[in-house]
Structures are given as structure tokens and as C-alpha cells.
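Encoded as C-alpha cells, the structure appears first; notes follow it.
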Amino acid sequence: MTTIATAESARRLAEAMARAKAMQFNQPAQRTYEELSAESDLSLEERLFDVRAACKIEARKFSMLFEPDWHKKLFRQLDLLMDPEEWDSEDSPVSKNSFITFIRMSMILRNARRPGIGIANDGHILATWSIRRNDRLTVECLPQDRVRWIVSVPLKEETESAAGVTSLHRLLANLEPYKPEHWFAHERG
Amino acid sequence: MKGGNLPDNHHVIRVVPYSKLDKDEEGQPTGGLLFSAFQRRESEDGLSVTWLEYFAGHDHGKKVERAVHGIRASNYKPGGKAAFAIGMVGKIKELCRAQKHKVRIIHAPVDDNKAHAEVRQIPRDDHVLLDALATADWMTIVFNSKVDAGSSPAPDAPAEQS
């Protein structure tokens with residue numbers, strides 16, 4: 001899937017980026033993704049377009065901290081996630097504050113395998129590292145550098161599940177009993 | 001039957017959009033679900049599902065196909081990358097009970113889907129329960145792209161139950 005395929009798409013991206021940049025530099029009147037997405041005069045496609053553009057601008061600020069193609073892979077994941085053909089119109093678009101937490105978590109876990117990404121209520125990004133259906137880690141990125149972690153781990157003939165809410169800097173300490181390195185390893189068993 | 005509890009040995013089918021499917025780092029579905037696939041919105045009284053045995057069919061696969069066709073004919077249009085999660089009513093209730101929640105799964109027909117049902121009293125904020133539903137080994141996942149093309153509204157009355 002190409003991000004920009006037509007001149008019309010390029011024009012719309014430029015307009016969306018202009019709106020996003022105006023949002024950044026106009027601090028007292030800064031409009032959140034939620035406000036942009038709530039505008040009734042924008043179609044679902046336009047709202048998702050704007051949110052994708054704003055996420056990409058945010059991610060670009062940190063791209064020098066990651067491997068060279070990190071942002072390209074993330075952008076593709078965002079394009080797939082917020083494809084208007086696949087998006088449930090009843091769902092909230094990605095929340096800016098959740099996305100910022102996701103980016104900061106990605107910096108902490110920059111040596112780990114990249115997660116799959118999804119969405120939960122209130123536009124919260126979900127990051128998942130799966131080995132099997134019943135062996136995975138899900139992290140819901142909440143605002144203000146808070147995260148909810150949910151684990152499913154196989155134990156003999158049962159699956160043990162647990163969850164908790166913590167600050168980003170305490171995430172790995174919370175996960176330690178579950179040996180999170182097996183989810184983060186690049187070579188999966 | 002409207003408002004009645006679905007039998008424990010019947011099944012319900014839940015539409016799961018691409019955004020709520022478990023995916024790998026390339027965005028490819030792994031065949032699993034995220035907990036958000038079963039997360040009720042604040043504005044919803046119950047989790048929206050479709051009653052599988054409402055549809056006639058000699059086997060499970062035919063019922064699934066007809067249910068998917070019914071969903072496609074409803075006002076909710078599943079995307080091409082969406083999937084359908086199918087679970088037995090009794091198993092869903094049992095898992096919820098294990099997490100100290102008593103749910104009801106009732107027939108709740110709506111104008112655009114006569115086979116519509118709801119999972120009532122499912123908590124919004126018990127993430128262990130929601131993830132357990134998503135990772136249950138008895139939960140079957142069928143991708144929209146794997147079901148034959150077509151859409152046909154659910155009939156006005158459920159199929160005769162044997």
C-alpha cells in the first residue's frame with residue numbers, strides 16, 4: 001500500500017500537515033486530535049487522514065532515535081490501522097496523548113521486537129507482542145505516560161492472565177515475573 | 001423469542017474490525033483477537049453479536065456463511081480485512097462466571113438484523129476477562145475475506161430448532 005499515490009492525495013496531505021503544524025505552533029489555541037476528529041464538517045476519511053498526519057508528524061520528531069526505517073514501518077502500520085475502509089465509524093480515532101505514550105514506550109523498548117498495533121476504547125493505542133494466542137503481552141497506552149499491561153501466559157494445561165496499570169518507567173519492573181524478554185526477542189520460539 | 005436467553009449450546013458471532021485484530025509488526029493478522037474486540041462502549045447497554053443458530057443450515061459452516069451474509073446486509077458493513085469471532089453461549093457465560101461476572105446473552109432483533117443479540121452485563125473494565133475471551137482456545141475466528149461473497153438479510157423468524 002502506498003501512502004501517497006495521487007496529486008489529490010498529496011494536496012490533502014499538505015493541507016492536513018498545515019492544519020497539524022498550525023496546531024503545534026498556536027499553543028493557546030492548540031487543538032487536540034480529539035477536537036479535530038470531532039469536527040462535524042469533516043468526513044470520517046478526512047478525520048482519519050488528519051489524525052494519521054498528526055501522528056506521523058509526532059513520530060518524525062523522534063525518528064533519529066531509532067533504526068533508519070523505523071518511521072517508515074510505523075507509518076505503514078498507522079495507514080493500515082486507520083484505513084477508512086476498515087475503520088469502525090463508532091470508534092474514536094487514535095488519541096494524541098495515547099500516541100505520545102506509545103512513542104515514549106517505543107523509545108524504552110527500542111531494542112525489542114516491534115509490536116503489532118491496534119485500538120481500544122477512547123482511541124487508546126494497543127501494542128501487542130504475541131507468541132501464540134495464549135502467550136502474549138498487550139500494552140494499552142494511556143495518557144500521561146501511563147500504561148495498562150495485560151498478559152496471557154501458558155501454565156501446563158491452563159492459561160494464566162493478569163493485568164495492571166502503572167507508569168511507563170515501571171512497566172518492565174511490573175512485567176518481570178512473566179519474563180517479558182521472551183515476547184520481545186526478535187527470534188520467536 | 002425477543003428478549004429471551006439464547007440456549008447454552010448455541011453460538012454467537014461478533015464482528016471484529018481490523019483495528020481490533022491481533023497483528024504482527026508488519027500489520028498481518030496473527031489469527032488472534034485483541035481484548036478490545038469485546039470491549040463495550042460507554043454508550044452501549046450490551047455487546048452486539050449475531051445469533052448463529054437463528055440461521056438455517058445442516059452444518060455449522062453453512063450457518064456461519066448465512067450469518068455473515070446477514071451481517072453484511074445490515075447497516076454495519078464489515079471491512080474486507082475484518083473477521084468474525086464465534087463462541088458458544090455456554091462457554092462465554094462460563095468464562096465470565098469464572099471472573100465473577102454473570103452475563104445474559106439475549107435475542108435482541110433490530111430492524112436491519114433480525115438475528116441480532118446482545119451480551120448484557122459484560123463489564124467494560126475487567127481487562128483480564130476481556131483478554132481471556134480474546135485468547136480463549138474455543139473462540140473460532142473466520143476472516144471476512146474467506147466467506148463466499150454475498151449478502152442476504154436475516155429472515156424475519158429464526159430457523160426451526162431441532
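Of note:
- Size of charge dipole - the protein assembly as shown - debye, nearest 20, with Cβ of Lys, Arg +1 and Asp, Glu -1, no other charges: 640 debye
- Qualifying aspartates and glutamates (Cα of each under 18 Å from Cα of residue A:61; at least 8 residues distant if same chain): A:50, A:69, A:145
- Aspartates and glutamates whose Cα lies under 15 Å from that of residue A:156, excluding same-chain neighbours fewer than 8 positions away: A:135, B:137
- Remark: mean inter-chain Cβ contacts per residue of B:131-143 equal 3, using a 10 Å Cβ-Cβ cutoff to other protein chain atoms.
- For chain B: rounded, prolate or oblate by the Cα gyration tensor [a/c cutoff 1.5]: oblate
- In chain B, Cα pairs under 8 Å separated by at least six residues give a relative contact order of 34 percent.
- Accessible-area value, residue B:127, 1.4 Å probe, nucleic acids and ligands omitted, Å²: 20 Å²
- Solvent-accessible surface of the range A:74-189, taken per residue with a 1.4 Å probe and all protein chains present: 43 Å².
- Area of residue B:63 that stays accessible when all protein chains are in place (1.4 Å probe, Å², to 10): 40 Å²
- Whole-angstrom gap from the range B:108-147 to the range B:11-47, using each part's C-alpha centre: 8 Å
- In the range A:85-189, the portion of solvent-accessible area held by carbon and sulfur atoms comes to 45 percent [1.4 Å probe, whole percent, DNA, RNA and ligands not counted].
- Note on residue B:63: aspartates and glutamates with a C-alpha under 19 Å away, same-chain residues under 8 apart excluded, are B:8, B:53, B:112, B:118, B:148, B:156, B:160.
- The interface between chain A and chain B buries about 2800 Å² of solvent-accessible area in total (1.4 Å probe, ligands and nucleic acids excluded).
- Minimum 50 Å² accessible area buried by the other protein chains, the range A:81-120 residues, probe 1.4 Å, relative to alone: A:86, A:88
- Ranked by the mean number of other Cβ atoms within 10 Å of their residues, highest first, the peptides A:93-100, B:41-48 come out as A:93-100, B:41-48.
- Of the cross-linked pairs A:56/B:114; A:72/B:91; B:93/B:146; A:96/B:2; A:72/B:93, those separated by over 32 Å at the C-alpha level are A:56/B:114; A:72/B:91; A:96/B:2; A:72/B:93.
The values are calculated or read from the model by the stated rules, or taken from the named source; none is laboratory data. What you see is a predicted model; the values in this text were computed from it and never measured. Cβ: placed from backbone, ideal geometry, glycine included. Neighbour counts: every protein chain shown. Ligands, DNA and RNA are excluded from the accessible area calculation, which covers all protein heavy atoms including side chains. Shrake-Rupley method; radii C 1.70, N 1.55, O 1.52, S 1.80 Å.
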